[in-house]
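Each remark here refers to the structure printed beneath this line.
The values are calculated or read from the model by the stated rules, or taken from the named source; none is laboratory data. All figures in this text were calculated on a predicted structure; none of them were measured in a lab. So basically every Cβ, Gly included, is an ideal-geometry build from the backbone, and we count neighbours across all protein chains shown. The area values use the complete protein model at the heavy-atom level, side chains included, leaving out ligands, DNA and RNA. Shrake-Rupley method; radii C 1.70, N 1.55, O 1.52, S 1.80 Å.
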Amino acid sequence: MATSTPSPAPRLRAEFEAAGGKPIYVRRMFGRIARVYDLMNRLMTGGLDGRWRAFTVRQIALTSGQTALDIGTGTGDLAIALAKVSAPDSHIIGVDFTPEMLDIGREKLQHLGLADRVELQQGDGEQLAFPDNSFDACCSAFVVRNLADLHQGFTEMLRIVKPGGRVACLEISHPYNPIFAAAFHLYFDRIVPLLGKLVGKAFDAYSYLPTSVTTFPNAPQLKRIMEEAGWRDVRYYYRVGGVVAIHVATKPQA
Ligand SMILES: C[S@@+](CC[C@H](N)C(=O)[O-])C[C@H]1O[C@@H](n2cnc3c(N)ncnc32)[C@H](O)[C@@H]1O
């Protein structure tokens, strides 16, 4: 039986409906928090997010002349990390549907001297405006949880990657030790929203974060969803006891 995209928690479902749908809700939320997004990532994870991104991009590092797509690139951190581990003449495109996040990403790329290698474009990760088989790899960090249709997201990734190409997906997951899971949920459900309020006057946005994880598939379930979308050799790596999981897979040869 196919593993379908899980329904959001009832409170969240009502908020999506009030906004006119999940994509509109998500886009508005990231538009509001764009200015504090990077700082909040560093604070929430104690700087570990950089290490998780570095591990993720090492799985798909590009060789000379290759190209990759970073879906839901936001302020560009995953695309930047990929550029740093890849050949200097490789090219990365980052797509995101929130212009405010992309504006910050473009400022960062200019500052880092990477604007000629990493190009940010506005676009929908569930309906990518790229031909079939056009990238050597694709990646995402903290994005797939936000998609309206998870299966559609992985199907689109598969479509735009060349046969034999790879995907690497970093996402928040579910700690496997029950005691650690309880401590993590206390932190994630109670402290993180307060931090969001303090730093960015964004209590609601950082309340969405834990709620969006509650019904999100665990790592084995996500693996199955990727396989159903057509990805092969799907493997996953936990970090910090399952707080995040990195899924890596290959598109079968035609
Ligand atoms: C939590 S941020 C992650 C940003 C970045 N990948 C990182 O590592 O920090 C999620 C991003 O995904 C984007 N996003 C969510 N759903 C999307 C979709 N369907 N199409 C394009 N972007 C999407 C949001 O606008 C937001 O910038």
Which one is nearest to Leu39 (Cα to Cα) among residues in region 202-254 that are assigned to a strand (DSSP E or B) and among the basic types (Lys, Arg)? Arg239
Within region 14-33, identify whether any single residue is under 17 Å from the mean Cα position of the chain (by Cα), within 14 Å of the ligand (Cβ to nearest atom) and either hydroxyl-bearing (Ser, Thr, Tyr) or on the phi > 0 side of the Ramachandran plot (or both), and answer yes or no. yes
Looking at this structure, is Gln152 within 16 Å of the ligand (Cβ to nearest atom) and of a type in the set (S, T, N, Q)? yes
Give me a count of the residues in region 190-223 that are open to solvent by 70 Å² or more (accessible area, probe 1.4 Å) and more than 18 Å from the chain's Cα centre (by Cα). 8
Could you tell me which of the residues Ala81, Ala54, Ala34, Ala68 is touching a Leu at 6+ places or on another chain (Cβ under 8 Å), touching a residue at least 24 places away in the same chain (Cβ under 8 Å) and of a type outside the set (Ser, Thr, Tyr)? Ala68
Can you list the helices (runs of 4 or more DSSP H) found entirely within region 1-119 that contain at least 1 residues being surrounded by 17 or more Cβ atoms within 10 Å (Cβ to Cβ) and in contact with a strand residue (DSSP E or B) (Cβ under 9 Å, 6 or more places away or on another chain)? 22-45, 48-58, 77-85, 99-112
So, Phe180, is that one farther than 23 Å from Asp38 by Cα and surrounded by 14 or more Cβ atoms within 10 Å (Cβ to Cβ) or not? yes
From the option list Arg166, Arg159, single residue qualifying as touching an Asp or Glu at 6+ places or on another chain (Cβ under 9 Å), touching a residue at least 60 places away in the same chain (Cβ under 8 Å) and not in a loop (DSSP other than H, G, I, E, B) is Arg166
Take Phe97 and tell me if it is within 11 Å of the ligand (Cβ to nearest atom) and of a type in the set (A, V, I, L, M, F, W, C). yes
Are there any pairs with C-beta distances below 7 angstrom linking a residue in region 126-147 that is more than 20 Å from Phe16 (Cα to Cα) to a residue that is of a type in the set (Ser, Thr, Tyr) and open to solvent by 10 Å² or more (accessible area, probe 1.4 Å), with the two at least 6 apart or on different chains, and if so which? Phe135/Thr67; Asp136/Thr67
Residue list for region 120-149, restricted to those being open to solvent by less than 50 Å² (accessible area, probe 1.4 Å) and away from the ligand (no atom under 11 Å from the Cβ): Phe130, Ser134, Phe135, Asp136, Ala137, Cys138
